[in-house]
1. Count neighbours as other Cβ atoms within 10 Å of each site's Cβ, and list the GluC sites (Glu not before Pro) in the stretch 1-69 that are DSSP loop with at most 16 such neighbours.
2. Counting helices only, and only those DSSP H runs with n ≥ 4, report the 222 nm mean residue ellipticity of the chain as the sum of -39,500 (n - 2.57) divided by its residues, in deg cm²/dmol to the nearest 500.
3. Can you give the accessible area of Glu193, probe radius 1.4 Å, in Å² rounded to 10?
4. Could you sort out which of Lys8/Lys51; Lys8/Lys168; Lys82/Lys239; Lys130/Lys168; Lys92/Lys238; Lys8/Lys241 sit more than 18 Å apart by Cα distance in this structure?
5. Any idea what Rg and Dmax come out to for the stretch 32-91 if you just take the C-alpha atoms, in Å?
6. Taking amide H atoms as placed 1.01 Å from N in the peptide plane, list the residues 5 or more away in sequence, or in a different chain, whose amide H sits under 5 Å from that of Tyr155.
7. Using a 1.4 Å probe on the protein chains only, how many percent of the accessible area of the chain belongs to carbon and sulfur?
8. Over the chain, calculate the relative contact order: mean separation of alpha carbon pairs under 8 Å at least 6 apart, over the residue count, as a percent.
Amino acid sequence: MGQSVNTKMLQVAQDILGIAANKVKLETTNTTRVANTSPTAASSTADLNGKAVEMACNSLIERLTKVASKMLSSEEKNINFKDDFVFLNDEKTALSWEELVTQAMLERVALTENAHYATPIIHFDKSKEKGHPFAYHVYGTAITTVTVDCLRGIYEIDSVKIVHDFGKSMNLGIDIGQVEGALAQGIGWMTMEEISYNSDGRLLSNALSTYKVPDIFSAPKTIETIPLETEGNDLAIKKSKAVGEPPLMYGIGTYFAIQQAVKEFNPEYTLKFNAPFTPEKVLMGLYEKQNN
């Protein structure tokens, strides 16, 4: 899944319940569990599913806290859960997670929960083109360096340096991997994934033999991703912002970097908006002449 949803859902449950990762089992989404779940789109999956998991786990913790407070003869506000044990006033007790759940079951406390999350505050009036269509925005910038072969029109991407707004990342390793993967996809989008039709309107680039996608040889020689220091956003799960699609935009930098290189070689070249910027277009641009 694009945003490593399984891992992040596990992290949410593990954090709230205070238990080890091996105690959390994930099930796939289907209509026997949630009748009207949202599709995986627009980088919203981690937030929507994460918030629903958070709500459900908080409800379970609220019930288990009542049970634990009776077992430990303490007020509920003094109870918390961590490392598979119940803590009292931040001190570990002998009451384990398994013992607590067993007691809750014997007391016929509900140990299942279903939660549904719909993003609040978002709205948009198409007739007025006004509103608040997104819960939050993701920010970032990239510096791309390329080398263009001015005889053949081919190019190499020497380096891409990125500063990206992850919010308060839940899993930096996963998030950086998502940025690098999206960058590669964006480079393909901007430099090689050309859709071609013949004179009859038939699609010619209809297979991997005719529709070129990026591979390891298309990747930048070096990629550096620096997390932007930020407080995150309350509407993002654990303040960790979505990272599925936004980094795709960094591929646009490659498009303009190649154009700048062509312009450096051929001052008569005029900048264009005609993606993808394939080697054929680069070669023509390198020797383009202004019409007098």
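1. Numbers: sites: Glu27, Glu54, Glu62; in loops: Glu27.
Here the sparse-neighbourhood loop sites are Glu27.
2. Values: 6 runs with 93 residues, N = 292.
Only helices count here, giving -10500 deg cm²/dmol.
3. 40 Å²
4. Details: Lys8/Lys51 11 Å; Lys8/Lys168 13 Å; Lys82/Lys239 21 Å; Lys130/Lys168 29 Å; Lys92/Lys238 25 Å; Lys8/Lys241 12 Å.
Beyond 18 Å: Lys82/Lys239; Lys130/Lys168; Lys92/Lys238.
5. Values for the stretch 32-91 (Cα only, Rg and Dmax): 16.1, 48 Å.
6. Amide H neighbours of Tyr155: Asp149.
7. Values: 9460 of 17530 Å².
Within the chain, the accessible surface is 54 percent carbon and sulfur.
8. On the way: 451 pairs, mean separation 56.8, N = 292.
Across the chain, relative contact order equals 19 percent.
The values are calculated or read from the model by the stated rules, or taken from the named source; none is laboratory data. Keep in mind the model is a prediction, meaning the values are calculated, not measured. Note: ideal-geometry Cβ built from the backbone for every residue, glycine included; neighbour counts use all protein chains shown. In case anyone asks, the SASA skips ligands and DNA or RNA and just uses the protein heavy atoms, side chains included. Shrake-Rupley method; radii C 1.70, N 1.55, O 1.52, S 1.80 Å.
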